[in-house]
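To keep things clear, I will list the structure first and then write my remarks on it.
The values are calculated or read from the model by the stated rules, or taken from the named source; none is laboratory data. From a predicted model like this one, the values you see are computed outputs, not experimental measurements. Quick reminder, even Gly has a Cβ in these numbers, built from the backbone with ideal geometry, and neighbours come from all protein chains shown.
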């Protein structure tokens, strides 16, 4: 392998960062046996891990969400947290290439909603300038790339990525520092739909992509804006799903 390519896209486990012997895998055997993929018992609305199959979590029983349905690939534990922190705060965007592919494979195997467009959850312009990238945007790019490769192979319908379909126009406090109710208040008027794509997405189904789902506040606010723009259905998929009721 080209040394420059290995530097940009190292063949490491996305969770423990150990070198992998095989170039066709993204997770080492140790981490593979430690992490939890949410593929059997989960909330049928938001996708959170549940003890019983086809159950609703307490949050979805008590709160009316704006999206049709959502799924997360991994339970958010220390290993997954390390990977997402590296992607989000330490410029380890090579993780997104592997994680985006994993998310696409998971989606095609376990989900399969009919979608037309993919949009990442946006970050504020000032944060983008500071960080240099939007982690959800990078995940979405690799997700669409892997998804469309499969569609070509099996003569399916490809999806279109709208990286700037949603725009964040308000600087907000970090959601992780807030309780569930305050998170919704914090995000009031934070997002808008890009006026340039409103006609294009009208009556179409949209899949939102982000790194993690916790209370659903971000997804709800984004979905509400998309519904205001008269899209069809709104779904989401995230790399990880926070624990909770």
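Taking segment 236-245 as the range and being surrounded by fewer than 21 Cβ atoms within 10 Å (Cβ to Cβ) and out of contact with any helix residue (DSSP H, G or I) (no Cβ under 6 Å at 6 or more places or on another chain) as the test, the residues that pass are 242, 243, 244.
Only a single criterion out of (1) under 23 Å from residue 81 (Cα atoms); (2) in contact with a helix residue (DSSP H, G or I) (Cβ under 7 Å, 6 or more places away or on another chain); (3) modelled with pLDDT of 90 or more is not satisfied by residue 140, namely (2).
Return the residue satisfying two criteria in turn: it lies in segment 67-79 and is surrounded by fewer than 19 Cβ atoms within 10 Å (Cβ to Cβ) and touching a strand residue (DSSP E or B) at 6+ places or on another chain (Cβ under 7 Å), and of such residues it is farthest from residue 13 (Cα to Cα). Here the residue is 68.
If you check residue 192 against the conditions, is it surrounded by fewer than 17 Cβ atoms within 10 Å (Cβ to Cβ), in the same structural domain as residue 113 (by TED's automatic domain parsing), under 17 Å from residue 137 (Cβ atoms) and touching a strand residue (DSSP E or B) at 6+ places or on another chain (Cβ under 9 Å)? Criteria met by residue 192.
Looking across segment 112-122, the residues that are surrounded by fewer than 17 Cβ atoms within 10 Å (Cβ to Cβ) and in contact (Cβ under 8 Å) with a residue 60 or more places away in the chain come down to 113, 114.
Against the criterion of being closer than 15 Å to residue 225 by Cβ and either modelled with pLDDT under 95 or out of contact with any strand residue (DSSP E or B) (no Cβ under 9 Å at 6 or more places or on another chain) (or both), residue 170 qualifies.
The residues listed here are 128, 107; of these, the one that is closer than 14 Å to residue 72 by Cα and in a helix (DSSP H, G or I) is 107.
Quick grid of which residues meet (1) closer than 21 Å to residue 38 by Cβ; (2) at pLDDT below 95; (3) not assigned by TED's automatic domain parsing to the domain that holds residue 162:
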site	(1), (2), (3)
82	yes, no, no
89	no, yes, no
95	yes, no, no
99	yes, no, no
116	no, no, no
119	no, no, no
127	no, yes, no
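Against the numbered list (1) more than 24 Å from residue 46 (Cβ to Cβ); (2) modelled with pLDDT under 90; (3) assigned to a helix (DSSP H, G or I); (4) touching a helix residue (DSSP H, G or I) at 6+ places or on another chain (Cβ under 7 Å), residue 150 comes up short only at (2). The residues of segment 29-60 that are part of a loop (DSSP other than H, G, I, E, B) and either touching a residue at least 60 places away in the same chain (Cβ under 8 Å) or under 16 Å from residue 77 (Cα atoms) (or both), listed by number, are 35, 36, 38, 39, 46, 47, 48, 50, 57.
This table checks each residue for (1) touching a residue at least 12 places away in the same chain (Cβ under 8 Å); (2) under 16 Å from residue 237 (Cα atoms); (3) under 17 Å from the mean Cα position of the chain (by Cα).
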| residue | (1), (2), (3) |
| --- | --- |
| 66 | yes, yes, yes |
| 76 | yes, yes, yes |
| 90 | no, no, no |
| 98 | yes, yes, yes |
| 125 | yes, no, no |
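The requirement of being part of a loop (DSSP other than H, G, I, E, B) and crowded, with 21+ Cβ neighbours inside 10 Å is satisfied by residue 231. Checked against (1) more than 25 Å from residue 218 (Cβ to Cβ); (2) surrounded by fewer than 15 Cβ atoms within 10 Å (Cβ to Cβ); (3) modelled with pLDDT under 90, residue 29 passes all but a single condition, namely (3).
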